[in-house]
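Notes to accompany the following structure.
Coordinate-derived values only; no laboratory data. The structure displayed is predicted, hence computed values, not measured ones. Cβ placement follows ideal geometry from the backbone for every residue including glycine, while neighbour counts extend to all protein chains displayed.
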Amino acid sequence: MVLKNFITPRNDFINCGLSVAEIILVMNERAINYIVLLQEGKPCGIITERDILRLLSQKNYKMKAAACTICSRKIIKTKGNRTIEYALGLMVDERLRRIVVVDDDNKYLGVIEQEEIIYQFESEVFSTNAKLEDFLHIASKALVLEPNVTIEDAIEIMNFRNIGSVLVGEKGIPEGIVTESDILHNAQNPNLDKLLLKNLMQIPLIFFEASETVEKTLSVMQKENIRRIAIH
């Protein structure tokens, strides 16, 4: 299947020229974790939750700064007549979670995310009996922070480790999770740096046994609309 026939239409783009504060507001209003900046219909940049997180970790960051100044690295694009297999290979090679798709005139068509490909073709990507334990060697090691750790400190840790979430719990026992999305939703709170993880953490945390099948896990993640799970 070619990409232009696989794209899910989303309200995930906006004309460039807005400030960081305006972009954050738009992302929260539309409940999206990235936004593509367009100039005359052509993509000129993409801003993700990770970009916002990096900004918040900087001293004296400016919400009124032009959004284009915090864009992710050079935007990676591909043509709509390319295959899904090609896009997935490009994502793996470039270590991307999503890729921007354009037409022959470089006009924006949409974005393809890894999760979409995996959910659509899980039977081809994974063997029928594949289990979570088969993939633990590439999973991120759980980081559990105390509930009274400040958001400011958590952001610094997340940026240093280049991770998009932290588990929250007392004495190393996870009870909840705080993700980039949770921080983005509160990014314009003037007291953000003083908030504690326990103020933002999402509970309950969804756990899976390492022996659980990938098929069932993906089904639950898709149904619950979650991107991260904890594995016993």
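Rounded, prolate or oblate: which fits region 3-122, taking a ≥ b ≥ c as square roots of the Cα gyration tensor eigenvalues, rounded meaning a/c under 1.5, else prolate when a/b beats b/c? Because a/c hits 1.5 or more and a/b exceeds b/c, region 3-122 counts as prolate. Once you've got the GNM for the chain with C-alpha springs shorter than 10 Å, pick whichever of T69, T179, T150 has the biggest mean-square fluctuation. Of the options given, T69 has the highest mean-square fluctuation. Principal axis extents of the Cα atoms in the chain, from largest to smallest and rounded to whole angstrom, are 55, 51, 26.
Taking GluC sites (Glu not before Pro) across region 157-232, the ones in a DSSP loop with at most 14 further Cβ atoms lying within 10 angstrom of their Cβ are E209. Pairs of Lys residues in region 3-122 that lie 8 or more places apart, or on two chains, and have C-alpha atoms under 17 angstrom apart add up to 11. Checking the a/c ratio against 1.5 first, then a/b against b/c, what shape does the Cα gyration tensor give for region 127-231? Note, shape of region 127-231 comes out prolate.
Ranking A210, T150, A230 by how far each Cα lies toward the positive end of the dipole of the chain (charges on Cβ) leaves T150 at the top. Neighbour counting of Cβ atoms within 10 Å sorts the residues R228, R54, fewest neighbours leading, into R228, R54. Between V2 and V92, residue separation times 0.36 nm minus the direct Cα-Cα distance comes to 30.6 nm. Note on the chain: with charges restricted to the Cβ of Lys and Arg (+1) and Asp and Glu (-1), its dipole about the Cα centre is near 660 debye.
For the listed peptides 152-164, 187-199, a ranking on the average number of other beta carbons within 10 Å per residue, highest first, reads 152-164, 187-199. The stretch between Q39 and F207, if pulled fully straight at 0.36 nm per residue, gains 56.2 nm over its current Cα-Cα span. Build a GNM of the chain with springs between Cα atoms under 10 Å apart, and of I47, I24, I32 the one that fluctuates most is I32. For K198, the lysines whose Cα falls under 16 Å of its own Cα, not counting residues fewer than eight places away in the same chain, are K171. At a Förster radius of 45 Å, what calculated FRET efficiency corresponds to the Cβ-Cβ distance of L218 and A21, to the nearest 0.05? E between L218 and A21, to the nearest 0.05, is 0.80.
If only the Cβ of Lys and Arg carry +1 and only the Cβ of Asp and Glu carry -1, the dipole of region 3-122 around its Cα centre is close to 520 debye. Cβ-Cβ distance of V144 and K64, R₀ of 45 Å, FRET efficiency by 1/(1 + (r/R0)^6): the value works out to about 0.80.
Counting only DSSP H runs of at least 4 residues, each contributing -39500 (n - 2.57), and dividing by the residue count of the chain, the helix-based mean residue ellipticity at 222 nm comes to -8500 deg cm²/dmol.
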